[in-house]
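Participant: Supplied in structure tokens, the structure appears directly below.
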Amino acid sequence: MVECGQPVRHSQMKIAFVTAEHALFVKVGGLADVAASLPPQFAAAGHAVRVYVPYYAQVASNLHLAWDTKHFVTVRAAGRVFHVGLFHHVTSAGVDVYLMRYDELFGRGGVYGEGNRGYEDNLLRFAVFQQAVVEHFAVDEWFPDILHFHDWHTALLPAYCAARGELDRRYGAIKQVFTIHNLGYQGVFDPSQYWVLNLPGHFYHQDWVEHFGAINCMKCALMQAHYLTTVSPTYAKEIQTPALGFGFDGILRARQHELKGILNGIDTEVWDPATDVYLPAHYTAVNATGKARCKQVLLKAMGLHTRPGLPLCGVVARLTEQKGIDLIIAIMDEIVRAGARVVMLGSGEQWMEEALRGCAARHPGNVAVRIGFDERLAHLIEAGADIFLMPSRFEPCGLNQMYSMRYGTLPVVHRTGGLADTVVDANDETLRLGTATGFVIDEPTTRALLEKIQFALALYEDRATWRRMRRAAMQTDFSWEKSARGYLQVFEQLVQR
Ligand code: ADP
Ligand code: GLC
């Protein structure tokens, strides 16, 4: 019986959000940020949300973050039995996070690998994680209405639910929504490893995990999830083309009516120049004087010339071809010659790390490079730079261009994926209308990039125009509410089916 006066939510859904990263505990890229900020939106809309993530060594070093439930979930993989420990954390937004602990697999220095090499047993690691999640639904008798899972590390969940569903029909009722954050990473393994998965032989089939004679984890989700989403409308279209479909464009075209691009938001509390705990000074769209102080602190910290008035370009990225870092390396000398300084933070491909160190050595005082992962410096670069370089060859969504706009650091981007959906190119019309928020190149080439940077540097001298653009960029609404509504609409339609 419902007590008088209590609101009744007929539409409350149980949502399980399964991810390999979560910014509270461990972060490699934007997936971690999404996992930390999207589930609270579902909870705020009145739904019951559980997040599942592996318990990495980084969690163990922040023990206060999670408490040991003393419960275990038992699964099999690679002919072995794994008793996976269950840790629990309740976020400040009231979201339950379950961390699956098995130190031999996850208590390591890296998340997916170390020193640019993936762990050899990644298939086993994520097979154990995914099975533990599926098993936990039964152990806890908490079966979600919606299983929302992300990228290849969780993409075998449909197979595990189907296999488990042969014994327990409750698995069959779960609606599965798979979000593609990056089609470039598919989780491809030699078929000789199939036995590791603990899946019946018939799942090694082209409708499930087999793809051109190999195990392809991503394929399982693309074929079997009830609905597919990706993280921007433009990327949703691009992945249906041979150029950016990474071999899956045919499957994605066939499923185009069950595929939707929902633009990521950003956490506007963590990424707020008015309150950011990592910044030496604060500022707003209306009063941006604190930004100049951030720039001075950044220049000093990175050993760059501190003469005011010179523009500063910033980069924070995984150092990969995807991000177009090689384009920046190729034109570094010209950027410096054009009068800009450059500060870069990132880690990734070794040749890029070395080439960037070389750039810094060639241009002391004008180019500074920090190799590694540094949350504080990432925030300081977003705040202290004037221009943010992000010429990605493809970009499913991209968060950094949104962070930089919010921090009044105008981005130079390539018209692709989420970059195309978030940055308004400065041209005669948008400058006149006051809607310009950055600079967009049509092709990811060194020439286009250099010309655009030169254009941006010239505009930087026009202080009034620059301030106007900066204000427009800072006032753009990138909050999560709209995106969350997009997901919830998909979820509700599936549940009502
Ligand atoms: P991707 O997920 O493809 O790497 P995104 O732009 O979506 O790209 O997200 C990258 C996230 O990771 C951002 O929050 C960015 O600030 C952060 N990041 C990337 N490299 C570093 C680094 N070296 N140090 C600190 N933060 C980083
Ligand atoms: C991936 C994509 C990036 C996106 C992020 C979060 O890492 O490369 O474009 O912003 O996921 O969805």
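Computed from the coordinates by the stated procedures, all read-outs in this text should not be read as laboratory data. Note that the structure is a prediction, hence the values are computed from the model and not measured. Cβ sites come from the backbone with ideal geometry, for glycine too, and all protein chains shown count toward neighbours.
Participant: Sequence-distant or interchain residues sharing an amide H contact under 5 Å with residue 319, placed H: which?
Facilitator: Those lying under 5 Å, H to H, from residue 319 are 347, 348, 349.
Participant: Would you mind ranking 275, 465 by Cβ crowding within 10 Å, fewest neighbours first? Walk me through the numbers on the way to the answer.
Facilitator: Numbers: 275 11, 465 15.
Lowest to highest Cβ neighbour count: 275, 465.
Participant: Something else now. Please list the non-local residues whose amide H lies under 5 Å from the amide H of residue 77, H modeled 1.01 Å from N, same-chain partners needing a gap of 5 or more.
Facilitator: Amide H to amide H, under 5 Å and 5 or more residues apart or across chains, residue 77 pairs with 82.
Participant: Further, regarding this structure: Mind giving me the nanometre distance, one decimal, between the label points for residue 88 and residue 195, set 7 Å out from Cα along Cα→Cβ?
Facilitator: 3.9 nm
Participant: Karplus couplings for the stretch 85-99 from phi (6.51 cos²θ - 1.76 cosθ + 1.60, θ = phi - 60°), rounded to Hz, Gly and Pro as x?
Facilitator: x, 10, 10, 9, 9, 10, 6, 4, 8, x, 8, 7, 10, 10, 10
Participant: Same structure again: Could you list 300, 14 in order of exposure, starting from the residue whose Cβ has the fewest other Cβ atoms within 10 Å?
Facilitator: Result, fewest neighbours first: 300, 14.
Participant: Distance in nm between label sites at residue 62 and residue 121, each 7 Å beyond Cα in the beta-carbon direction?
Facilitator: It works out to 2.6 nm between the two label points.
Participant: Let me ask something additional. I need to check one value: relative contact order of the stretch 289-477, counting alpha carbon pairs closer than 8 Å and at least 6 residues apart, in percent. Numbers along the way, then the final one.
Facilitator: Details: 354 pairs, mean separation 40.2, N = 189.
In percent, rounded to a whole number, it is 21.
Participant: Using a simple spin-label model with points 7 Å from Cα along the Cα→Cβ vector, what separation in nm is obtained for residue 475 and residue 141?
Facilitator: 5.5 nm
Participant: Then there is this: In what sequence do 371, 453 fall when counting other Cβ within 10 Å, fewest first? Before the final figure, lay out each step's value.
Facilitator: Numbers: 371 18, 453 25.
Final ranking by Cβ density, sparse to dense: 371, 453.
Participant: Compute the long axis of helix 350-362 from its Cα atoms, compare it with the longest principal axis of the Cα atoms of the chain, and write down the angle in degrees, 0 to 90, nearest 10.
Facilitator: Here the helix axis deviates by roughly 20 degrees.
Participant: Separate question: Between the helical axis of 30-44 and the dominant principal axis of the chain, each derived from Cα atoms, what acute angle in degrees is found, rounded to the nearest 10?
Facilitator: Tilt relative to the chain: about 60 degrees.
Participant: Okay, moving on. Which value in deg cm²/dmol, rounded to the nearest 500, describes the helix-derived mean residue ellipticity at 222 nm for the chain, given -39,500 (n - 2.57) per DSSP H run of n ≥ 4 and division by the residue count?
Facilitator: Details: 19 runs with 181 residues, N = 497.
Roughly -10500 deg cm²/dmol at 222 nm, from the helical runs in the chain.
Participant: Shifting gears a bit: Enter the angle in degrees (range 0 to 90, nearest 10) between the Cα long axis of helix 481-496 and the first principal axis of the Cα atoms of the chain, meaning the one along which they spread out most.
Facilitator: 20 degrees
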